[in-house]
Every structure is written in structure tokens, then in C-alpha cells.
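Right, one structure below, let's go through it.
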Amino acid sequence: MPELPEVETVRDGLDRLVVGAVVRDVEVFREYSVRRHDGGPGSFRDQLVGRRLAAAVRRGKFLWLPLELPGPGDRAAGPGDRAAGPSIQASAPPGAGRALPNTLQTALPAAALLAHLGMSGQLLVRGATTGDPTPGDGAVGPDGATPADDWRHPHLRVRLHLTGAPSGARYLDFVDQRTFGHLSVQDLVPDGAASPVASAVASPVVSPVASAVASPVASPVASAVASPVAAASALPAASITSAPAGHGSDLPLLPEPVAHIARDLLDPNLDLDSLVRRVRRRRTQIKRALLDQTVVSGVGNIYADEALWRAQVHWARATDRLRAADVRRVLDAAAEVMREALAQGGTSFDDLYVNVNGQSGYFDRSLAVYGRENEECRRCGALIRRDPFMNRSSFTCPVCQPRPRTPR
């Protein structure tokens, strides 16, 4: 499954190539790929057509694009143009945070296109001026399209037809060989039940939409999203001081299915001291804590093994018996290894993990333990060991990471 660096690589590509585009049409080639969307493929299309992709946002391994209605004065943008959104700004480099203005005088998007890549999901931008990942003879048609623009991947599940993309992109394709991934349009809800935006969203004096958002905990815009016209209506904004809910946008809102997901280690708004305490309060193995997306998001099997090797901690060590310094060392190592992977485009063992241009990452060449059973440890020379773990595998160095006498 793609982990945080892979998903961030995709998010960054979407931010540069399709944010600002308006969805002109939607084709669903496999209904199962929109199974998490209430209402089926027809509703999925209705809630996307005519909406602007206002930002590309990520939290852990989840990715979403808030939806807006284009303004009355909008024109079809060409390459190099970015359609303006009322309340969402372009993303900053990974790890950079921005404070949300104390008061927003505009409205907030009420829904977003949510993507989960599953085991093999890919979001591929087609026809962008930065280069197309698929074959074609390069001939340009009357509308500027090439024969390659309409090329269809054998595992194409959903296609969004775009207009006005800053890169000139014509399509955003969801490709998924193993079909564990999915797309859906979801309500945007406050980040946390005590978020300052909750009272603003629930206040009936702010806007007529408020009656649809009276309960921020229980799907605050459910009734609005049920209607294709209201799906991209904006939630009213009042005085908001909450931190951004994800990387790539200032919004303190996130899709409802992501509300239980914790912040990730590259999130500038993460409270690391609080996370250390939360990990130590659990009675489990340290690797299980790393993989628990409600504790800390974005870490998967590969980067957990790499982080534990760097921190010289065995995966079976009990969290409640680790010192705070040991837990922090593991978390720092996980953040470090993911930053390095992000700089190289993520980890790719085959053509399943690619960025929006169809290019694979190559951090797998730098892996110290994962997948290296019976190979020499890069630090001490001992042979790497593989152990069964949660229907998967854990890779450790038996010398650098001695197994605890009383494992959890």
C-alpha cells in the first residue's frame, strides 16, 4: 500500500497540474471504485460536474480535493492560469505550515473529492503540458489534444474530464489494478469535535445553509451533499482560528471519513510531546502503534521497519515499557526516513506506485532492512531477519535490534 511519501508525491503533482480546473464530465468505468459514495455513479458524477478542484490536500495516506462552484466571472483558463478559489490557497512545500486568517470573509467548501489509493491506486494527469506518461504519435488536433490524450489504461476505473487546468491537463484518471482503492464525494467537517469552526458551522444566524449543518459531529452537510446543486455549496465562515486539517490547504475542515485519522509526522501542527505520551500509554508493540492511523498517520509497514532499524528498537518492544526518549527517537527516525523517501519520489517495487506523470519512485534502493532477508545489515554486517507480523512481515537486524526478553 502506498504510504505517506507516495501519497504526498501524488498530492504535490495534483496541486501543480490540476488545482483550479473545473470538472467538465465524469466517466465511471467500474462502479466498485465509487462504492463508498452514497448514491452510486450517477450521484458521483452529478456532484462533480461543474465544480472546481480548489486544492489538493493530504492527511496521512488520505488525499482529497475540496470542491467549489466557479464564480460568475470565471472564464475557461488556459495553460499557466489557475482559477481562483475564495478560501483555499495553493500548497506550501512539504513540512511548511501557514496560519489560517483569524477571520474569513468568504465561504468554505462543503464537500470534497476523497481518494484512497488502496493497494494499487494511481491518479494520473493526462494531457498536461509538463509531459504525458502514455504513448502517442504527438499529433495535435484542432483543440490542442493529441491522440495520446484519450489513451485508456487497461485498469482505468474513473475518468474526470477537466477544463481550465493550469497545466492544460484534459483528464484526471483513477487507475487501480487490484481495485482496493476508491473515490467518493464526502462532506467536509471540522477537524475535531471541539474545533472553533464547529460553533460557526452550527450557527443558524450565519447562513441559510446552517440548518443543514446543525450537527458538526454527525455529518454536518449530509443533507446538502444529497443534492447535486447543493453539493458544492459553501459553508459559511465566521471567526476561525483552528489549524489546517491537512497539508495543502488552510482549511480546518476534512472529509468525514478522515475525521478519526491522526496527524502525521510531517504535519507542522503535530504536537510531538503529546504523541509520545499517547504512544507510551498504549499497551501494545511499538510497531503496532506506528501502524495505528488513529495514533499517528501515514506510517506503513515499509517505513515502520526502516524507522525501527534506524532507532535500533525491535518491533516487539512494549510501548508502555519504552522510555519517552526511545519513543521520540523512533518517531524522529520515521519522520527522517519519510522525508528522504519523499525527496526521491517514494518507494516503488513495480509499476503500481507512481506519481501523476506515471513515474516510479526509487527509494527502494536505499532501504536498509525491508525486503532484505538474509542480506547483510548495512550497519553491523549481521544477516537481516524476517518475522511474520500481522499477515505481513517485519525485517530486523538481530544484532542492532535485539528481541526483548518479554515482548508484548
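The values are calculated or read from the model by the stated rules, or taken from the named source; none is laboratory data. Fair warning: this is a prediction, and the values are worked out from it, not measured in the lab. Reconstructed Cβ throughout: ideal geometry from the backbone, glycine too, with neighbour counts over all protein chains shown. We work out accessible area using only protein heavy atoms, side chains counted, and drop any ligands, DNA or RNA first. Shrake-Rupley method; radii C 1.70, N 1.55, O 1.52, S 1.80 Å.
Taking the criterion of being over 18 Å from E3 (Cβ atoms), out of contact with any helix residue (DSSP H, G or I) (no Cβ under 6 Å at 6 or more places or on another chain) and not basic (K, R), the only residue of the stretch 276-292 that qualifies is Q285. The requirement of being touching a Phe, Trp or Tyr at 6+ places or on another chain (Cβ under 6 Å), touching a residue at least 40 places away in the same chain (Cβ under 8 Å) and not polar (S, T, N, Q) is not satisfied by V18.
For every residue, the table says whether it meets (1) in a loop (DSSP other than H, G, I, E, B); (2) open to solvent by less than 10 Å² (accessible area, probe 1.4 Å); (3) in contact with a strand residue (DSSP E or B) (Cβ under 9 Å, 6 or more places away or on another chain).
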| position | (1), (2), (3) |
| --- | --- |
| P5 | no, yes, no |
| E8 | no, yes, yes |
| V23 | no, yes, yes |
| E27 | no, no, yes |
| F44 | no, yes, yes |
| L48 | yes, yes, yes |
| L65 | no, yes, yes |
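Among the criteria (1) of a type outside the set (S, T, N, Q); (2) modelled with pLDDT under 90; (3) part of a strand (DSSP E or B), the one L162 does not fulfil is (2).
Does any residue of the stretch 153-173 turn out to be among the aromatic types (F, W, Y), in contact (Cβ under 8 Å) with a residue 60 or more places away in the chain and open to solvent by less than 20 Å² (accessible area, probe 1.4 Å)? No, there is no match, as no residue in the stretch 153-173 is among the aromatic types (F, W, Y), in contact (Cβ under 8 Å) with a residue 60 or more places away in the chain and open to solvent by less than 20 Å² (accessible area, probe 1.4 Å). Scanning the stretch 296-323 for residues that are farther than 19 Å from G60 by Cβ, part of a loop (DSSP other than H, G, I, E, B) and small (G, A, S) gives a single hit, A316. Within the stretch 393-408, track down each residue that is touching a helix residue (DSSP H, G or I) at 6+ places or on another chain (Cβ under 7 Å) and either exposed (fewer than 11 other Cβ atoms within 10 Å of the Cβ) or in a loop (DSSP other than H, G, I, E, B) (or both). Matches in the stretch 393-408: C397, C400, Q401. Of all residue pairs spaced 6 or more apart or on separate chains, those with beta-carbon atoms under 9 Å, a first member in the stretch 264-288 that is open to solvent by less than 70 Å² (accessible area, probe 1.4 Å) and a second member that is at pLDDT below 95 and among the β-branched types (V, I, T) are D264/V299; L265/V299. For first residues located in the stretch 31-60 and under 28 Å from D267 (Cβ atoms), partners that are of a type in the set (D, E) and lie 6+ apart or on another chain with Cβ distances below 6 Å form the pairs R52/E68; A54/E68; A56/D15; R58/E8; G60/D264.
Within the stretch 308-320, residues that are in contact (Cβ under 8 Å) with a residue 24 or more places away in the chain and at negative phi sit with their Cβ atoms under 8 Å from residues that are of a type in the set (F, W, Y) and assigned to a loop (DSSP other than H, G, I, E, B), at 6+ positions apart or across chains, in these pairs: L308/W315.
The residues of the stretch 97-137 that are modelled with pLDDT of 80 or more and open to solvent by 50 Å² or more (accessible area, probe 1.4 Å) amount to a single one, M119.
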